[in-house]
1. Each residue of region 80-87 in order: what ³J(HN,Hα) in whole Hz does its phi give by Karplus 6.51 cos²θ - 1.76 cosθ + 1.60, θ = phi - 60°, with x for Gly and Pro?
2. Report, to two decimal places, the Cα Rg of region 62-178 normalised by 2.2 N^0.38 Å (N = number of residues).
3. List the residues, sorted by chain then number, that are 5 or more residues from Ile87 or on another chain and whose placed amide H is less than 5 Å from its amide H.
4. Taking amide H positions as placed in the peptide plane 1.01 Å from N, state which residues far from Val178 in sequence (5 or more) or on other chains have amide H under 5 Å from it.
5. Provide the per-residue ³J(HN,Hα) series for region 157-163, in order, calculated from phi with Karplus coefficients 6.51, -1.76, 1.60 and θ = phi - 60°, each as a whole number of Hz, with x at glycine and proline positions.
6. Taking H placed 1.01 Å from N in the peptide plane, check which residues at least 5 places from Tyr135 or on another chain put their amide H under 5 Å from its amide H.
Amino acid sequence: MSDGRFVYRGRFGIIAAIRRALTPPPAPTEAQPHPADETVTTPEIVAEPVPQPGSVDQTRDLKGAYIAHVEMVKGIMSHEEAMQTAIGGGFDEIGRIETALLQTYGLEEDGYVIDVGCGSGRLAKPLSGYLKGTYLGIDLVPDLLEHARKITGRPDWRFEQIDHIGIPEADGRADMVVFF
Ligand SMILES: C[S@@+](CC[C@H](N)C(=O)[O-])C[C@H]1O[C@@H](n2cnc3c(N)ncnc32)[C@H](O)[C@@H]1O
């Protein structure tokens with residue numbers, strides 16, 4: 001039964017449901033206090049310092065962690081598969097969706113796109129069929145950038161490795177800066 005309506009669950013299901021309905025809940029005893037009466041101790045919560053706007057957390061090796069992740073994926077599948085999987089998979093489908101999003105938000109054919117964390121070219125590849133303008137892809141992982149450069153086949157586009165949080169371009173140059 002649920003909210004007054006009858007749901008048939010078979011003969012044994014009905015019998016079990018009737019048994020459950022007829023069985024009273026166990027009464028609390030001295031030896032076994034009712035769960036609602038137990039004292040609950042919550043674990044101590046230690047707040048981490050909140051990063052201030054504009055500050056960069058230098059305590060974590062973000063680049064090392066991403067490179068190690070890509071190396072691990074390369075160790076268990078072919079290079080091509082690893083390049084597609086390490087950045088999240090769904091390479092062709094998601095690349096097309098990312099491209100369509102930029103077009104929907106008004107990217108023109110002669111525009112300038114900066115792709116922060118461009119990975120192995122999931123966006124750059126399909127975008128190269130549309131964008132005649134300028135593209136800058138930046139990432140922390142050299143292997144991914146090399147793959148992106150190779151599959152995109154656009155010698156006029158820049159793929160740059162960075163070692164820090166930042167964008168190697170002057171303010172106000174790009175039409176779109178994307179972080180997929
Ligand atoms: C989830 S993947 C997405 C890759 C790509 N944007 C796409 O849609 O396929 C995230 C990428 O961001 C890169 N990344 C992470 N932190 C970064 C940073 N601070 N600067 C540049 N790239 C970064 C990683 O190396 C990785 O390739």
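Every read-out reported here was derived from the displayed coordinates using simple, explicitly stated rules and does not represent laboratory data. Keep in mind that this is a model prediction, so the values were computed, not measured.
1. So the Karplus estimates, Gly and Pro as x, are 4, 4, 5, 5, 7, 7, 4, 9 Hz.
2. 1.03
3. Those qualifying (amide H under 5 Å, at least 5 residues apart or on another chain) number zero.
4. Amide H neighbours of Val178, under 5 Å, 5+ apart: Ile114, Asp115, Val116.
5. The phi angles translate into 9, 9, 10, 10, 7, 10, 10 Hz.
6. For Tyr135, the qualifying residues are Val113, Arg158.
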